[in-house]
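Reading through the structure tokens given below for one structure.
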Amino acid sequence: MSQIDLKSEFNELITAVKKLDKKVIMVFLTVAILQTVAFYFTSRRFFRANLFEQFENYSDPYLLEYLYWFIGDFFTFFILGIVVIKFVLKEKLSDFGLQIGDFNVGIKISLLFLSVMIILIWFVSATPSFAEKYPHLSSAKSNWNTLFIYEAGMLLYMFAWEFIWRGFMLFGLEKKFGGYAVLMQMIPFVILHNGKPFLETFGAIFGGIALGILALRTRSIYYCVVTHIGVMYSIDIISSLRYRANDYGIGFTSIINLIKQIF
């Protein structure tokens, strides 16, 4: 058996690394590092283990737990992502989807998709078991102020979420991999849905692809944000109204009963 020339192997490794696309390496490493930071330091799990006791006497410590997660991930994925683009990659933010892009196409597709989804959500939410799951913060079901604060925090979270996958990763990999970048950003997006209801996780496969295509077509993440947050708001609001009215029907009478809960 011949001996391994460690010096030669190391030199070959360095040569191979130098041939790699530096932007692609930076995109992959940044996503991996930011996701790791988010998992260990800006998650609800971290708040529950390290900070929850300090806020136990607050009227709704679980709301604070969600806000910590939402704001923490906004800082990790969006603010730090921008820092990498501006000072490491030294590129324009607009090249990563932070621009209006094709407004006519983007807004039409977003509104069409939301119209279809709201109809589907209306029928799917017509079971107590579904409505009980949303919003994930239980206290938001019966308190409008809590629901508003919770959803405002979720908007920050969703903006950062769309930016890291449909902005930073998708556009960061597009030049090297073309349309395959849509599938590449979809994989971690789906994996991070694991643990959520099956239909939501399974739907993330097609949702991740559709949102990726929308971002590429419009050259913007804004329509992905509108679409994604629109779906989540629809689920949470309809579920909350059903819970308040204790009405899980699908007819016109149920619509009237839910509208009454708003006023």
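Please list, in order along the stretch 228-236, the HN-Hα scalar couplings obtained from phi with the Karplus expression 6.51 cos²θ - 1.76 cosθ + 1.60 (θ = phi - 60°), rounded to whole Hz, x for Gly and Pro.
5, 5, x, 5, 5, 4, 4, 4, 5
Computed over the Cα atoms of the stretch 1-57, what is the ratio Rg over Rh, Rh following Kirkwood?
Values: Rg = 21.1 Å, Rh = 15.3 Å.
Radius of gyration relative to Kirkwood radius: 1.38.
Roll a 1.4 Å probe over the protein chains and send me the accessible area per residue for the stretch 9-62 in Å².
Numbers: 4120 Å² over 54 residues.
About 76 Å² of surface per residue is accessible.
How much of the pair distance distribution for the chain lies past 32 Å, counting alpha-carbon pairs only, in percent?
Percent of Cα pairs beyond 32 Å in the chain: 33.
Percent of accessible area on the chain owned by carbon and sulfur, 1.4 Å probe?
Solvent-exposed carbon and sulfur of the chain make up 68 percent of the total.
Please determine, in degrees from 0 to 90 and to the nearest 10, the orientation of helix 198-218 with respect to the longest principal axis defined by the Cα atoms of the chain, where the helix direction is its Cα long axis.
60
Relative contact order of the chain: what whole-number percent is it, with Cα pairs under 8 angstrom and at least 6 residues apart? Let's see the in-between values first.
Working: 270 pairs, mean separation 66.4, N = 263.
Computed over the chain, the figure is 25 percent.
Helix 103-124 against the longest principal axis of the chain: what's the angle in degrees, Cα atoms only, rounded to the nearest 10?
The angle comes out near 50 degrees.
Given the options Thr76, Thr15, Thr218, which has the most mean-square fluctuation in a GNM of the chain, springs set between C-alpha atoms less than 10 angstrom apart?
Maximum among the listed residues: Thr15.
Expressed as a whole percent, how much of the Cα-Cα distance distribution for the stretch 223-263 exceeds 12 Å? Could the numbers behind the result be given before it?
Values: 482 of 820 pairs.
Of the Cα pairs, 59 percent sit more than 12 Å apart.
Evaluate E = 1/(1 + (r/R0)^6) for Asp21 and Phe198, where r is the Cβ-Cβ distance and R0 equals 25 Å; express this FRET efficiency to the nearest 0.05. Before the final figure, lay out the partial values.
Working: r = 37 Å, r/R0 = 1.48.
For R0 = 25 Å, the calculated efficiency reads 0.10.
Check each of the GluC sites (Glu not before Pro) in the stretch 110-178 and keep only those in coil by DSSP with at most 12 other C-beta atoms within 10 angstrom; list them in order. Don't skip to the answer; put the middle values down first.
Working: sites: Glu132, Glu151, Glu162, Glu174; in loops: Glu132.
Listed in order of number, the matching sites are Glu132.
State the dimensionless ratio Rg/Rh of the stretch 191-239 (Rg: radius of gyration of Cα atoms; Rh: Kirkwood radius).
Working: Rg = 11.8 Å, Rh = 11.7 Å.
Over the Cα atoms of the stretch 191-239, Rg/Rh equals 1.01.
What FRET efficiency would be calculated for the residue pair Arg45, Lys175, taking the C-beta separation as r and a Förster radius of 45 Å, to the nearest 0.05?
Efficiency computed from Cβ-Cβ geometry: 0.80.
Mind telling me which of Val17, Val88, Val190 comes out most flexible in a GNM of the chain, alpha-carbon contacts under 10 Å?
Checking each option, the largest mean-square fluctuation is seen for Val17.
Return P(r) of the stretch 1-139 (all Cα-Cα pairs; 10 Å bins starting at 0; whole %; ordered from short to long distances).
9, 19, 23, 27, 12, 7, 3, 0
Scanning the chain for trypsin sites (Lys or Arg not before Pro) in DSSP loops with at most 10 other Cβ atoms within 10 Å, what's the longest stretch left with none? It would help to have the intermediate numbers written out before the result.
Values: sites that count: Lys19, Lys90.
The longest such stretch corresponds to 91-263.
Can you tell me which of Pro197, Pro135, Pro61 moves the most in a GNM of the chain? Springs connect C-alpha atoms under 10 Å apart.
In the Gaussian network model the winner is Pro197.
Calculate one ³J(HN,Hα) per residue across the stretch 15-29 by plugging θ = phi - 60° into the Karplus curve 6.51 cos²θ - 1.76 cosθ + 1.60, and present them in order as whole Hz with x for glycine and proline.
Rounded to whole hertz, the list is 4, 5, 5, 5, 7, 6, 6, 5, 5, 4, 4, 5, 5, 4, 5.
Please report, to one decimal in angstroms, the Kirkwood hydrodynamic radius of the stretch 91-169 built from all distinct Cα-Cα pairs. It would help to have the intermediate numbers written out before the result.
Details: mean 1/r = 0.0653 Å⁻¹.
Hydrodynamic radius (Kirkwood, Cα only) of the stretch 91-169 equals 15.3 Å.
Using the Karplus equation 6.51 cos²θ - 1.76 cosθ + 1.60 (θ = phi - 60°), what ³J(HN,Hα) coupling, rounded to whole Hz, does each residue of the stretch 30-43 give in order, writing x for Gly and Pro?
4, 4, 4, 5, 5, 5, 5, 4, 4, 5, 8, 10, 10, 8
When the gyration tensor of the stretch 113-157 is built from Cα positions, what are the square roots of 5 times its three eigenvalues, in whole Å, from largest to smallest? Write down the numbers at each step before the final one.
Working: eigenvalues 84, 47, 13 Å².
Its equivalent ellipsoid spans semi-axes of 21, 15, 8 Å.
Please pull out the direction-averaged projected area of the stretch 161-263, using the convex hull of its alpha-carbon atoms, in nm² to one decimal place.
7.8
Can you pull a Stokes-Einstein diffusion coefficient for the stretch 59-117 at 4 °C (1.567 mPa s), Rh from Kirkwood over Cα pairs, as a whole number of µm²/s?
Details: Rh = 14.5 Å.
D = 90 µm²/s.
The values are calculated or read from the model by the stated rules, or taken from the named source; none is laboratory data. Quantities reported herein were computed from a predicted structural model and do not represent experimental measurements. Cβ coordinates were reconstructed from backbone atoms using ideal geometry, including for glycine residues, and neighbour counts include every protein chain displayed. Note: accessible area is taken over every heavy atom of the protein model, side chains too, but ligands, DNA and RNA are not part of it. Shrake-Rupley method; radii C 1.70, N 1.55, O 1.52, S 1.80 Å.
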